[in-house]
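The values are calculated or read from the model by the stated rules, or taken from the named source; none is laboratory data. Model, not experiment: these values are computed from the prediction. Methodologically, a virtual Cβ is constructed for each residue, glycine included, from the backbone with ideal geometry; neighbour enumeration extends over all protein chains shown. We work out accessible area using only protein heavy atoms, side chains counted, and drop any ligands, DNA or RNA first. Shrake-Rupley method; radii C 1.70, N 1.55, O 1.52, S 1.80 Å.
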Amino acid sequence: MSKSQRYSPSEMMVVAASRLLRDGEIVLVGLGLPQLACLLAKATHAPGLRMVLEIGVLEPEPVDPAIGIADPRLWYRATCHTSFTETLGVLLQGGRIDVGFLGGAQVDRFGNINSTHVCQNGRPVRRFRGSGGACDIAALAGRVIIITPHERRRFPERVDYRTSPGFLEGGRSREAAGLRGGPVHVITDLAVLGFDAETREMRLISVHPGVDPEAVQEATGFPLVWAGEIQTTPPPSREELEILRTRIDPHGWYLR
């Protein structure tokens, strides 16, 4: 494999996430890999995709990477500057957000997310920033894509604290709670995962090139659903890597 065709785990995650986005969709996105996935989708197969930043910036077209959600470089050519209230209260609650990206400290077998604290012997031992707008996104976006590194401690049977709802207790419990949408994909540095249509348990869809399905199971704290032969995630193309490295993240701030 030539140098131009080698890729990092982060590049694989960004490419896998970008391919799940469709032209014309409205995506509520934060900083980091989700932002890069949106920009890559716009530069390749989804030029009509519209990005919305939680702080109230609509349809930005940044030409330089940003170091924070409040970095004005991220707002370049935005069509509107509004507020959290407009973004979460009008667009998201009004059902106008097609896709929301989320991450967290823990993701359980039903896609529930913990970004509040993790426990040891029943007591919190480490606290995080909490929900922000994540719970709203998890409850109200048309569909949710979770993007996170794949480690056993991050994928417990049950989250220590349910900050953002996935499929709650599985089955139809999410619908019974009056929530729409839900998580549809989990992108990690090992694999692409989804959820069983009936039980809503996390299932293995594909493993990234060079990854054994057993390694994915070993890095997961509950039994994954999978049946038959597991597909291999298509690797990043030369064009996708060039766009990421020369136009979207030329300094390698997020892709190293």
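Taking every DSSP bridge with both residues inside the chain, close to 50 percent are antiparallel.
May I ask you to give the solvent-accessible area per residue for region 204-253, in square angstrom, as obtained with a 1.4 angstrom probe?
55 Å²
In this structure, E242 and R143 have a Cβ-Cβ separation that, at R0 = 22 Å, corresponds to a calculated FRET efficiency of about 0.15. Could you work out the longest stretch of the chain that avoids the GluC sites (Glu not before Pro) located in DSSP loops with at most 12 other Cβ atoms within 10 Å? The longest such stretch corresponds to 1-156.
Taking 0.36 nm per residue of separation and subtracting the current Cα-Cα distance, fully stretching the chain between T199 and E175 would add 7.4 nm.
Relative contact order for region 138-253 using alpha-carbon pairs under 8 Å, separation at least 6, rounded to a whole percent? Here the relative contact order equals 25 percent. Using a/c under 1.5 as the rounded threshold, could you call the chain rounded, prolate or oblate? The axes a ≥ b ≥ c are square roots of the C-alpha gyration tensor eigenvalues, and prolate needs a/b larger than b/c, oblate otherwise. Oblate, because a/c is 1.5 or more while a/b does not exceed b/c. In terms of its C-alpha gyration tensor, region 18-102 comes out oblate, because a/c is 1.5 or above while a/b does not outweigh b/c.
Shape class for region 162-238, computed from the alpha carbon gyration tensor (a ≥ b ≥ c): prolate, with a/c not under 1.5 and a/b above b/c. Surface composition of region 161-256: carbon and sulfur make up 51 percent of the accessible area, probe 1.4 Å. Based on protein heavy atoms only, region 1-55 ends up with 37 Å² per residue of surface accessible to a 1.4 Å probe. How about region 128-165: which trypsin sites (Lys or Arg not before Pro) there are in a DSSP loop, with at most 13 other Cβ atoms within 10 Å of their Cβ? Here the trypsin sites (Lys or Arg not before Pro) that fit, given the DSSP loop and packing criteria, are R129.
Note that region 92-202 presents 44 Å² accessible area per residue, ligands and nucleic acids not counted, probe 1.4 Å.
How much of the accessible area of region 1-113, in percent, comes from carbon and sulfur atoms when a 1.4 Å probe is used? Walk me through the intermediate numbers first.
On the way: 2480 of 4640 Å².
Summing carbon and sulfur atoms, their accessible area is 53 percent of the total for region 1-113.
Backbone phi angles across region 177-189, fed through the Karplus curve with coefficients 6.51, -1.76 and 1.60 (θ = phi - 60°), yield HN-Hα couplings of 7, x, 9, 9, x, x, x, 10, 9, 10, 9, 10, 7 Hz in residue order; Gly and Pro are listed as x.
Calculated mean residue ellipticity at 222 nm for the chain: -4500 deg cm²/dmol, from DSSP H runs with n ≥ 4 weighted as -39500 (n - 2.57), summed, divided by the residue count and rounded to 500.
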